[in-house]
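Inspection log for the structure reproduced underneath, given as structure tokens.
Derivation of every value follows stated rules applied to the coordinates shown; laboratory data play no part. Just so you know, these numbers come straight off a predicted model, no measurement behind them. In this analysis, Cβ positions are derived from the backbone assuming ideal geometry, glycine residues included, and neighbour counts consider all displayed protein chains.
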Amino acid sequence: MEFKANVPSGPIEQKWTKHKFDMKLVNPANKRKYTVIVVGSGLAGASASASLAELGYNVKCFCYQDTPRRAHSIAAQGGINAAKNYQNDGDSVFRLFYDTVKGGDFRAREANVYRLAEVSVNIIDQCVAQGVPFAREYGGMLSNRSFGGAQVSRTFYARGQTGQQLLLGAYQALMRQVGLGAVQMFTRHEMLELAVINGRARGIVTRDMVTGAIESHVADAVVLATGGYGTVFYLATYAKGANGTAIWRAYKKGAAFANPCFTQIHPTCIPVTGEHQSKLTLMSESLRNDGRIWVPKKKGDTRPPSQIPEDERDYYLERKYPSYGNLSPRDISSRAAKEVCDEGRGVGPTGLGVYLDFSDAIQRLGQDTIRERYGNLFDMYERITAEDPYKVPMRIFPATHYTMGGLWVDYNLMSTIPGLFVLGEANFSDHGANRLGASALMQGLADGYFVIPYTIGNYFAATEFEKVGTDHAAFKEAEIWVAARIKKLLGINGTRSVDSFHRELGDIMWNYCGMARNERGLKTALQKIPALREQFWKNLRVLETNEEINQSLEKAGRVADFLELGELMCLDALERRESCGAHFREEFQTEEGEARRDDENFCHVAAWEYTGDAKTPLRHVEPLEFEYLPLQTRSYK
Amino acid sequence: MAATTGKTINLRLHVWRQKNRVAQGRFVDYEARDISTDMSFLEMLDVLNERLIARGEEPIAFDHDCREGICGQCGIVINGHPHGPRGATTTCQLHMRSFQDGDELTLEPLRANAFPVLKDLVVDRGAFDRIIAAGGFISAPTGNAPEANAILVPKPDAELAMDAAACIGCGACVAACPNGSAMLFVAAKISHLGLLPQGQPERIRRALSMVAKMDEEGFGTCTNHGECEAACPKEIRLEFIARMNRDYLKAALFSKPERKAVSAAP
């Protein structure tokens, strides 16, 4: 397997500009001869579909929900970063690049990150032009707020629902193209297989989730924008339908999977209330602008927070990391929360919680200002917990939220399968070992609006395409495989539901491959997961048939894939014998309990190649070089 | 102070079951026993479904995704109220502490002429997408945008536009309306975009095309009941319908029929 990053030569600030000139173009009149399939309709998928259709390509877009506007990008709350420096506080493209590389603990490809920072300014322009209702100052200009891992105020936001508003901008642009006939939209359709013909991605096979029909779709290129795989943990902040099936299929067809163990745990989520818990709810990082995180200084202190005096409170983030305080990056904040709870100082009925306290901010700014900034987030908290965060501190605990890992892509966002492009959270490229807040929205839109429209043209112009129809053997074989697998899942007739297997897998992953990992635990997981998988294929119960809406069947296929993907994550975590970003190996930590990188041996991307079911995949490496940022220990003190 | 109360309740449910789009549906009774009041409504349905699967009975199909009140995919009519008894709350954000031991709940899909039932509690809201495709956008092809701060938006306008933009497209308004009208949904989008400077060039065209599409899709007309506002989980206000009516009237009275362009570029 070849790993050519295809990074252009030259100084980093000119690479993308130079590349845009060097890349081949497709003549405007020729664009209509090409068909692109986009799987996923979130920020990356919708922006890509709209932009490619505007250029003149034929686009087919697929999503599993009832409309493209449901994509989980919608749930992102806090904001989107861009290096506009509107606040005159020292921001620049280089600083955003620097913060992101450092925030990723030096495990991302420099050139990709620089480009991300470079186009960030264009993203804000595009969103404003679409009518995204960003917050404004009295003079009519855009407002900003601060976010984790940065000392400048570069985050643009729309109340506590920035993701929703950005997605609606992209969705509306997508719908305009649908109305014009330039995009064919397939809702309630799930991609279940990738078709590779003569080494190139030439289409997909989907299941119509209403009728059960298995269909082939041909294209000249396939774009996967299917989001992250964090629901392998069952409990996560993701949508219930979020899954890794599309990228897993691609992996099995030859797309290398990079850094699968780099999964982000977000520090501020509402804690679990019981066995019935179906998902975890995020409380935006933007709250940490004004909220202060603390636990009692004394172990086992169960007094109500109002009765714990100031000098008996441990504002542990402010104590440990004075420069960043409550806005320390997510991996550091999550581990710090775990640490104090492991010490027995956690709060709430389960002892797995810390306080996010707004009393100081409310006193300083008044309740009205706090309501204006965070209104809907406070309401959401109150609905779920029946506690009023205007009166008592919020209780929060870390939860799985994002996956920095994903399919390997080069500088053109193409995977190791020619013609298969991967955008947004589904790819691995820009965030290294830890993603900073407000950067996921940025990456999804950067990839969709400003990168793929150029790089896909280059691929088309440089490639001779043989004419292929849905009757090609590759499609027929894929359809047969998909149908057979569905039949198998429906035919096991065991006693356990899909959810019961999913929960059990989630427990294994959280306990052994969660916030803190060690060799023994990972090896235990690597035994438990195959055993659970065997049970799954022996004892699964999925009722009814394929030829109608069958939500258990939908879930079963996804969990079957998770039972393999989880194993790869544990293997990756085991092989990466260092701690970096969100990947914390207890054996590799500093005296102060911080992550200890091993740049000599692990300053690389681990890209896994599938070699067959029940066979150990091959671990390839793409070495990472840092020309513009000296490798340094990441400190937020 | 603690949110977990350890309290459980028993409920009787009457749930609409329908095999597929063309099949006859009917209500089926279920007992939901030992339900923790800390559970969300959908978690209660998950628990019920697990029990049904264990008994070899087909689980109840219902739409959901984010389970945090923002995607708009969920939507069950509970005792006649879309999204249930608690105002400004989506079905997924409703928790069982809103109910009492012994309550009887009738669960129905978001029924409307324009929202065919696909199965059980799942409906087809594709009409909403088609309305947006007809005009719920600002034509701003990628790459064309001016510098963001070149467009000044007065803060009050930005806040009001944000209030309207908060619509999640769930369709509760349609289900609540005795006429099955989509006015609140359409008004929210028309207001959001019409309040911003960026939305001005297409303001007239947008109002006409979205309303025309709404009628074409089979939604009813608005006769000012206000049930939509009461049912809306995002508190979209009736004033947006008034705003839309003004735009539409202006559009209908003053716009000239559009000349077909010789070369249509997307």
note = tail above 23 Å in the computed P(r) of the stretch B:8-119, as % of all Cα-Cα pairs, reads 24 percent
ask   = Given the pairs A:Lys488/A:Lys538; A:Lys252/A:Lys476; A:Lys298/B:Lys7; A:Lys252/A:Lys615, which span a C-alpha to C-alpha distance of over 19 angstrom in this model?
value = A:Lys298/B:Lys7
task = Counting other beta carbons within 10 Å of each Cβ, put B:Asp103, A:Asp311, A:Asp22 in order, fewest first.
result = A:Asp311, A:Asp22, B:Asp103
inquiry  = Let me check I've understood the local charge: for A:Glu137, count other residues with C-beta under 14 angstrom from its C-beta, Lys and Arg +1, Asp and Glu -1. What total comes out?
reply    = +2
request  = Once you have a ≥ b ≥ c as the square roots of the Cα gyration tensor eigenvalues for the stretch B:126-254, tell me rounded if a/c is under 1.5, and otherwise prolate or oblate according to whether a/b is larger than b/c.
outcome  = prolate
task = Nearest 5 is fine: what % of DSSP beta bridges in the protein assembly as shown come out antiparallel, could you say?
result = 70 percent
inquiry  = Show me the ranking of peptides A:353-361, B:183-191 by mean Cβ neighbours inside 10 Å, starting with the highest.
reply    = B:183-191, A:353-361
query = Over the stretch A:90-141, what number does the Rg to Rh ratio reach, with both radii from the alpha-carbon atoms and Rh per Kirkwood?
reply = 1.10
query = Cα gyration tensor of the stretch A:462-600, axes a ≥ b ≥ c as square roots of the eigenvalues: rounded (a/c below 1.5), prolate (a/b > b/c) or oblate?
reply = oblate
request  = Using per-residue counts of other Cβ atoms within 10 Å, averaged over each peptide, order A:591-601, A:112-122 from highest down.
outcome  = A:112-122, A:591-601
key: Entries in A:Lys15/A:Lys84; A:Lys60/A:Lys253; A:Lys487/B:Lys19; A:Lys555/B:Lys189 that, when Cα-Cα distance is taken, lie over 23 Å   = A:Lys555/B:Lys189
message = What is the sum of charges, Lys and Arg at +1 and Asp and Glu at -1, for the other residues whose Cβ falls under 11 Å from the Cβ of A:Val422?
response = -3
Among A:Ala595, A:Leu116, A:Phe501 the positive-end extreme of the charge dipole of the protein assembly as shown (Cβ point charges) = A:Leu116
For the stretch A:578-637 versus the stretch B:35-70, the gap between their alpha-carbon centres in whole angstrom = 40 Å
query = Cα centroids of the stretch A:13-86 and the stretch A:285-346: how far apart, whole angstrom?
reply = 40 Å
query = For the residues A:Tyr234, A:Tyr229, what sequence is obtained by ranking on other C-beta atoms within 10 Å, fewest first?
reply = A:Tyr234, A:Tyr229
task = Work out the charge dipole of chain B with +1 on the Cβ of Lys and Arg and -1 on the Cβ of Asp and Glu about the Cα centre, then indicate which of B:Cys228, B:Met162, B:Pro146 is farthest towards its positive end.
result = B:Pro146
key: Shape call, the stretch A:386-433: gyration tensor on alpha carbons, a/c limit 1.5   = prolate
remark   = Note on the stretch A:423-567: contact order normalised by length, alpha-carbon pairs under 8 Å, 6 or more apart, percent, works out to 25 percent
key: Debye, to nearest 20: dipole size of the stretch A:315-468, +1 on Lys, Arg Cβ, -1 on Asp, Glu Cβ   = 340 debye
inquiry  = What do you get for GluC sites (Glu not before Pro) in the stretch A:253-310 restricted to DSSP loop and a cutoff of at most 11 other Cβ within 10 Å of the site's Cβ?
reply    = A:Glu275
request  = Over the whole of A:53-65, what's the average partner chain Cβ count within 10 Å per residue? Rounded to a whole number, please.
outcome  = 2
key: Fraction of alpha-carbon pairs over 26 Å apart in chain B - percent   = 48 percent
request  = Would you mind pulling out the separation of the Cα centroids of the stretch B:189-253 and the stretch A:507-566, in Å?
outcome  = 47 Å
message = If the reach is capped at under 17 angstrom between alpha carbons, list the aspartates and glutamates near A:Lys297, excluding any in the same chain fewer than eight residues apart.
response = A:Glu310, A:Asp311, A:Glu312, A:Asp314, A:Glu318, A:Glu339, A:Asp342, A:Glu343, A:Asp357
query = Cα extents of chain A along the three principal axes, largest first, in whole Å?
reply = 74, 60, 49
note = Rounded to a whole number, the mean other protein chain Cβ count within 10 angstrom for residues of B:192-199 is 4
query = When the helix-only estimate is applied to the protein assembly as shown (DSSP H runs of n ≥ 4, each -39,500 (n - 2.57), divided by the residue count), what is the mean residue ellipticity at 222 nm, nearest 500 deg cm²/dmol?
reply = -11000 deg cm²/dmol
request  = Quick one: net charge around A:Asp447, please, counting Lys, Arg +1 and Asp, Glu -1 for every other residue with C-beta under 11 Å from its C-beta.
outcome  = -1
key: Shape metrics for the stretch B:104-192, restricted to C-alpha atoms - Rg then Dmax, Å   = 17.0, 57
Charge dipole (debye, nearest 20) of the stretch B:42-163; +1 at Cβ of Lys and Arg, -1 at Cβ of Asp and Glu = 200 debye
note = Checked against the positive end of the charge dipole of the protein assembly as shown (+1 on Cβ of Lys and Arg, -1 on Cβ of Asp and Glu, about the Cα centre), the farthest of A:Phe94, B:Asn20, A:Phe536 is B:Asn20
key: Proximal lysines to A:Lys18, defined as alpha-carbon separation beneath 21 angstrom and excluding residues fewer than eight positions away on the same chain   = A:Lys4
inquiry  = Please give the charge dipole size of the protein assembly as shown, origin at the Cα centre, charges +1 on K and R Cβ atoms and -1 on D and E Cβ atoms. Round to the nearest 20 debye.
reply    = 1260 debye
